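Engineer: Please find one structure pasted underneath; my questions will follow.
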Amino acid sequence: MNYRTEDGRAGWAVASKKAQMSGGYILNTALRSAMGEAKVTPRQLASRVGVASKTVERWLTDDRLVPHPRNRADVSEALGVTEEMLWPAAVRSTIKTGPDREMVAVYPYRSACPSSVWAQLVSDSTSDIFMAGFTNYFVWLEQPNFLATLRRKADEGCRIRFLLGDPDGETTRQREAIEDTALSVSTRIRITLENLAKLRSAEGVEARFSAPEDGPNHVSLSVFRFDTQALVTPHLARLVGHDSPLMHLRRRDDDGMFDRFAEHVEELWTRGRPVA
């Protein structure tokens, strides 16, 4: 890639010269290469990430400069590569030990988790996709052509399950009174049911309503499992799902965080009744 600065000089040459003049800092060649592959200039990347162009140029000219985690995530998404590739030292410094090493990331709001994370988890799943939110409504809106993706995954042998709340159940009615939103809980569940009806011909796609006695436990905790990774949302008081926090987990140990949440939704599943 050979972009030009505002004064017409070759950008990468300027970056190299700056690096030499600033004490021999080492260029971030991984970032440079990823931008070249994506055909993205520093100015374009800065616009996507929400920083100044000079900030991107500093990242390029000194690999010791590590962006804020939020900026690293945005850069990775914009360029289609992992943070580990662009800033390996920063990732290594956050390696955890003990039970908390299963925690990949945390978000104060579910809506703060990039949709690309959900898409990648679905794409990488080969054996088990388990959507155990109470409505699972949002995935049909946020994931492009999600029906076709699920159908393809099912055709490839991946087991796909949806655990839903009963749209006519007491827990649903109580939750609707608490949320008091125009798009009611029962409506959101029925939207998921309408989409699942289009997958009836697909082998390996199953759907159940949680048992009435499990309704309070189900509505208060959403677990979305993708093989050995999971996204977990504990629902806060009167807040809807996208305003509640989210944890991204990856299984590392027996009886760890991942297993605890996975066992929880498996128990709900065993007592659930099939969607007609």
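The values are calculated or read from the model by the stated rules, or taken from the named source; none is laboratory data. The structure displayed is predicted, hence computed values, not measured ones. Reconstructed Cβ throughout: ideal geometry from the backbone, glycine too, with neighbour counts over all protein chains shown.
Engineer: Quick one: VAL106 ticks every box in (1) more than 26 Å from SER184 (Cα to Cα); (2) among the aliphatic types (A, V, I, L, M); (3) assigned by TED's automatic domain parsing to the domain that holds ARG188; (4) in a helix (DSSP H, G or I) except a single one, so which number is it?
Structural biologist: Every condition holds for VAL106 apart from (4).
Engineer: Checking the structure you have, find out if any residue of segment 202-219 is of a type in the set (Ser, Thr, Tyr), assigned by TED's automatic domain parsing to the domain that holds ARG175 and out of contact with any helix residue (DSSP H, G or I) (no Cβ under 6 Å at 6 or more places or on another chain). Don't jump to the end; show me each part of the working.
Structural biologist: Pass one, segment 202-219, residues of a type in the set (Ser, Thr, Tyr): 210.
This time we only want the ones that are assigned by TED's automatic domain parsing to the domain that holds ARG175, so: 210.
From what's left, out of contact with any helix residue (DSSP H, G or I) (no Cβ under 6 Å at 6 or more places or on another chain): none.
Taking every residue of segment 202-219 in turn, none turns out to be of a type in the set (Ser, Thr, Tyr), assigned by TED's automatic domain parsing to the domain that holds ARG175 and out of contact with any helix residue (DSSP H, G or I) (no Cβ under 6 Å at 6 or more places or on another chain).
Engineer: Just for helices (runs of 4 or more DSSP H) wholly inside segment 137-214: which have at least 3 residues that are over 22 Å from SER115 (Cβ atoms)? Steps first, please.
Structural biologist: Numbers: elements: 138-142, 146-155, 170-179, 185-197.
Per the criteria, 170-179, 185-197.
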